[in-house]
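Peer 1: Input: one structure, supplied below.
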Amino acid sequence: MEVGGDRHLGSEKGKDTGNGPDPGKLINPELEEAQVHGGMSMGLGYGLSEEFLYNDAGRPLNDNLLDYKIPTAMDTPDLHVKFIQLEDPTGPYGNKSLGEPPAIPVAPALRNAVLHATGVAMDTIPMTPQRLIEAFQEKGLI
């Protein structure tokens with residue numbers, strides 16, 4: 001994963017990201033690639049923008065899609081999938097599960113890409129622009 005953006009605006013975004021799942025023998029490669037793209041997009045939202053906010057009484061402040069920020073096609077970088085096909089003799093047709101695992105490594109990969117690019121180790125997600133700016137200021141980058 002690579003990140004890029006404007007440090008002064010805290011606009012770090014994934015530029016190029018890949019995922020190499022092992023779903024066993026592919027049965028429907030196009031559908032399985034789309035599943036991985038969806039999982040990667042979910043991971044990008046989890047790592048960069050998605051956060052439920054609550055007031056002091058515990059009521060949600062962003063309980064609609066106007067205020068709860070999920071990535072759109074404009075926010076999504078090029079996504080690359082390279083399947084590792086290790087056939088599972090116990091699975092149907094040599095297949096394994098694919099489901100949600102493609103979402104799991106994206107937020108940690110984003111964090112590590114920010115660390116590699118800036119030297120700033122973020123310990124909170126989502127890595128919102130405000131949090132990034134605060135961390136960059138603390139490190140003396142801006």
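The values are calculated or read from the model by the stated rules, or taken from the named source; none is laboratory data. The shown structure was predicted, so the numbers you read here are calculated from the model rather than taken from an experiment. So basically every Cβ, Gly included, is an ideal-geometry build from the backbone, and we count neighbours across all protein chains shown.
Peer 1: For region 97-127, name all the residues that are surrounded by fewer than 17 Cβ atoms within 10 Å (Cβ to Cβ), in a loop (DSSP other than H, G, I, E, B) and at pLDDT 90 or above. Write out each step before concluding.
Peer 2: Filtering region 97-127 down to residues surrounded by fewer than 17 Cβ atoms within 10 Å (Cβ to Cβ) leaves 97, 99-101, 104, 108, 112, 115-117, 119, 121, 123-124.
In the following step, the residues that additionally are in a loop (DSSP other than H, G, I, E, B) were identified as 97, 99-100, 104, 119, 121, 123-124.
Result: 104, 119, 121, 123, 124.
Peer 1: Which of the residues that make up region 21-69 are part of a helix (DSSP H, G or I), among the hydrophobic types (A, V, I, L, M, F, W, C) and closer than 17 Å to residue 97 by Cβ? It would help to see each step written out before you state the result.
Peer 2: Within region 21-69, the first condition is being part of a helix (DSSP H, G or I), and the residues that meet it are 29-48.
Filter once more, so that each one left must be among the hydrophobic types (A, V, I, L, M, F, W, C): 31, 34, 36, 40, 42, 44, 48.
31, 34, 36, 40, 42, listed by residue number.
Peer 1: Considering each residue of region 70-96, count those that are out of contact with any Lys or Arg (no Cβ under 9 Å at 6 or more places or on another chain), crowded, with 16+ Cβ neighbours inside 10 Å and assigned to a strand (DSSP E or B), and give that number.
Peer 2: Here the count works out to 2.
Peer 1: With farther than 20 Å from residue 26 by Cβ and either hydroxyl-bearing (Ser, Thr, Tyr) or touching a helix residue (DSSP H, G or I) at 6+ places or on another chain (Cβ under 8 Å) (or both) as the only criterion, which of 117, 113, 121, 103 stands out? First the steps, then the outcome.
Peer 2: On the way: 117 fails: either hydroxyl-bearing (Ser, Thr, Tyr) or touching a helix residue (DSSP H, G or I) at 6+ places or on another chain (Cβ under 8 Å) (or both); 113 fails: either hydroxyl-bearing (Ser, Thr, Tyr) or touching a helix residue (DSSP H, G or I) at 6+ places or on another chain (Cβ under 8 Å) (or both); 103 fails: farther than 20 Å from residue 26 by Cβ.
None of the others qualify; the one that does is 121.
Peer 1: Can you tell me which residue is nearest to residue 16 (Cα to Cα) among those in region 107-142 that are free of Cβ contacts under 8 Å to residues at least 24 places away in the same chain and among the hydrophobic types (A, V, I, L, M, F, W, C)?
Peer 2: 115
Results for (1) modelled with pLDDT under 90; (2) over 16 Å from the mean Cα position of the chain (by Cα); (3) of a type in the set (Asp, Glu), shown as yes or no for each residue.
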residue: 9; (1), (2), (3): yes, yes, no
residue: 14; (1), (2), (3): yes, no, no
residue: 25; (1), (2), (3): no, yes, no
residue: 28; (1), (2), (3): no, yes, no
residue: 36; (1), (2), (3): no, no, no
residue: 45; (1), (2), (3): no, no, no
residue: 56; (1), (2), (3): no, yes, yes
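Peer 1: Quick one: in region 58-96, of everything that is without any contact (Cβ under 8 Å) to a residue 12 or more places away in the chain and of a type in the set (A, V, I, L, M), which residue is farthest from residue 34 (Cα to Cα)?
Peer 2: 61
Peer 1: Sticking with this structure for a sec: Suppose we filter 47, 39, 43 for residues that are touching a helix residue (DSSP H, G or I) at 6+ places or on another chain (Cβ under 9 Å), within 22 Å of residue 88 (Cβ to Cβ) and in contact (Cβ under 8 Å) with a residue 12 or more places away in the chain; which single one remains? Show your work before the answer.
Peer 2: Numbers: 47 fails: within 22 Å of residue 88 (Cβ to Cβ); 43 fails: within 22 Å of residue 88 (Cβ to Cβ).
That would be 39, the only listed residue that is touching a helix residue (DSSP H, G or I) at 6+ places or on another chain (Cβ under 9 Å), within 22 Å of residue 88 (Cβ to Cβ) and in contact (Cβ under 8 Å) with a residue 12 or more places away in the chain.
Peer 1: Check region 90-99 and report whether any residue there is among the β-branched types (Val, Ile, Thr) and farther than 22 Å from residue 69 by Cβ. Please lay out each step first, then the result.
Peer 2: Keep residues of region 90-99 that are among the β-branched types (Val, Ile, Thr), which gives 90.
Keeping just the survivors that are farther than 22 Å from residue 69 by Cβ gives 90.
Within region 90-99, one or more residues are among the β-branched types (Val, Ile, Thr) and farther than 22 Å from residue 69 by Cβ.
Peer 1: Answer yes or no as to whether residue 54 is within 17 Å of residue 126 (Cα to Cα), among the hydroxyl-bearing types (Ser, Thr, Tyr) and in contact (Cβ under 8 Å) with a residue 12 or more places away in the chain. Steps first, please.
Peer 2: Working: within 17 Å of residue 126 (Cα to Cα): yes; among the hydroxyl-bearing types (Ser, Thr, Tyr): yes; in contact (Cβ under 8 Å) with a residue 12 or more places away in the chain: no.
Considered against the rule, which asks whether it is within 17 Å of residue 126 (Cα to Cα), among the hydroxyl-bearing types (Ser, Thr, Tyr) and in contact (Cβ under 8 Å) with a residue 12 or more places away in the chain, residue 54 comes out as no.
Peer 1: Among the residues of region 58-69, how many are over 19 Å from residue 10 (Cα atoms) and either surrounded by 14 or more Cβ atoms within 10 Å (Cβ to Cβ) or within 18 Å of the chain's Cα centre (by Cα) (or both)?
Peer 2: Number of matching residues: 1.
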